[in-house]
Amino acid sequence: RSYLLASQGKIHELRGEYEEAIERYAEALAFSPTDVTINRSLGRCYRMLGRFTEAEGELLRNLTVRPQNPLSHYELAMVYAEAGQRSKALEHLQVALHVWSDADPDFKPAQDARQRVAEFDVVALGGS
């Protein structure tokens, strides 16, 4: 049941239906409360809605169980970046990149994280 609900949540999320996705993910979490991947999905949806406090809470719950999960650190970095907390965003991007240090050069999540760090560096140097 949890997998079915999480899958329905993912479908809603891919359609940009974040409120509906949150409902399905929350139902899935009720059936499988130790599945912290659902917390990451919830966090991502809350971020997409601009609900940064809730997003942060879900992602921190995920990291409590899986402290070195690079996908969760990346997602938390996006929350902090969008909330204007640059230093926290960079901190979590660096953790993700450390874990992905041996990843293949074409590994998309690591590419995205490197791109975000580069964007922060451009802003810090006064670029656009």
request  = Compare I11, I38, I22 in a GNM of the chain, Cα atoms joined below 10 Å, and give the one with the largest fluctuation.
outcome  = I11
note = If the chain between D121 and R86 were fully extended at 0.36 nm per residue, the gain over the current Cα-Cα distance would be 11.5 nm
query = What distance in nm separates the simple spin-label points at R66 and I11, each placed 7 Å from Cα in the Cβ direction?
reply = 2.4
query = How far apart, in nm, are the 7 Å Cα→Cβ label points at E19 and D104?
reply = 4.1
task = Using only alpha carbon positions, build the gyration tensor of region 1-59, then give the equivalent ellipsoid semi-axes as the square roots of 5 times its eigenvalues, largest first, whole angstrom.
result = 17, 14, 7
task = With a 1.4 Å probe and every protein chain left in place, work out the accessible area per residue of the chain in Å², rounded to a whole number.
result = 56
task = Note down the relative contact order for region 24-128 as a percent, whole number, built from C-alpha pairs under 8 angstrom at least six residues apart.
result = 18
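The values are calculated or read from the model by the stated rules, or taken from the named source; none is laboratory data. These numbers come from a predicted model, not from an experiment. Cβ coordinates were reconstructed from backbone atoms using ideal geometry, including for glycine residues, and neighbour counts include every protein chain displayed. Keep in mind that these areas ignore ligands, DNA and RNA; they rest on the heavy atoms of the full protein, side chains included. Shrake-Rupley method; radii C 1.70, N 1.55, O 1.52, S 1.80 Å.
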